[in-house]
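Report on the structure given below.
The values are calculated or read from the model by the stated rules, or taken from the named source; none is laboratory data. What you are looking at is a predicted structure, and each value in this text was computed from that prediction instead of being measured. Cβ coordinates were reconstructed from backbone atoms using ideal geometry, including for glycine residues, and neighbour counts include every protein chain displayed. The protein model used for the area step is the full one, side chains on, heavy atoms only, and it has no ligands, DNA or RNA in it. Shrake-Rupley method; radii C 1.70, N 1.55, O 1.52, S 1.80 Å.
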Amino acid sequence: MWVFGFGSLVWNPGFPFEEAHVATLRGFARRFCVYTHDHRGTWEYPGLVLGLVPAEDGVCRGLAFRVAPEREAEVQAYLDRRELGDSVYERAWLPVSVGGRAETALTYVANPEHPRCRLDLSAPQAAAIVRRARGRSGPNTEYVARTWEGLRAIGVREDHLEDLAEHLGLRERA
């Protein structure tokens with residue numbers, strides 16, 4: 001089984017895997033568009049986390065993790081608990097390119113019609129939300145910084161990520 005990570009899984013997979021490789025998923029884009037009220041925000045001050053959303057010409061690079069057959073059920077159950085706690089994300093098995101090979105990977109796609117999914121936020125608007133949010137897993141700025149750094153470490157540079165990082169002052173710290 002392969003798992004495609006496009007956000008926090010890149011720097012914090014939280015499950016056992018045999019190998020990890022940079023992978024590409026077509027037809028989807030990564031966006032800071034999902035309001036969170038628990039791990040990186042509260043109901044009073046929601047945070048923003050990444051969502052994978054359908055995009056006709058989208059290309060999303062992330063990490064593909066190969067899971068040993070005997071761990072597949074355990075890993076899927078863990079990821080379902082982590083990602084499906086609310087109804088914003090849906091489990092999906094999608095084609096990814098891993099080292100030039102086509103594989104099918106488990107990933108979690110945001111429902112763009114869900115009221116907690118906002119695709120219209122500018123970088124300054126997103127930064128204002130992120131700056132004030134903090135949840136049980138820590139400040140939302142930490143989530144953005146670790147995700148941005150993790151993606152840059154595997155060669156991912158996307159304008160919307162760079163814009164948000166600039167508005168949060170992360171680029172000066174890098």
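Quick look at the values:
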item	result
Candidates Gly41, Gly85, filtered to the one that is open to solvent by less than 40 Å² (accessible area, probe 1.4 Å), modelled with pLDDT under 95, more than 12 Å from Phe4 (Cβ to Cβ) and not in a strand (DSSP E or B)	Gly41
Total residues in the stretch 91-115, condition in contact (Cβ under 8 Å) with a residue 24 or more places away in the chain and not in a loop (DSSP other than H, G, I, E, B)	13
Pairs with Cβ under 8 Å, 6+ apart, first in the stretch 53-79 and farther than 10 Å from Val3 by Cα, second of a type in the set (Ser, Thr, Tyr) and at pLDDT 95 or above	Val59/Thr24; Cys60/Thr24; Arg61/Thr24
Every pair of residues 6+ apart whose Cβ atoms lie under 7 Å, when the first sits in the stretch 1-21 and is under 22 Å from Ala145 (Cβ atoms) while the second is in a loop (DSSP other than H, G, I, E, B) and open to solvent by 20 Å² or more (accessible area, probe 1.4 Å)	Gly5/Pro13; Val10/Ile154
The stretch 123-138, residues that are open to solvent by 10 Å² or more (accessible area, probe 1.4 Å) and under 20 Å from Glu162 (Cβ atoms)	Ala123, Pro124, Gln125, Ala128, Ile129, Arg131
Residue ID - nearest to Asp38 (Cα to Cα), chosen from residues in the stretch 124-163 that are in a loop (DSSP other than H, G, I, E, B) and out of contact with any helix residue (DSSP H, G or I) (no Cβ under 9 Å at 6 or more places or on another chain)	Arg136
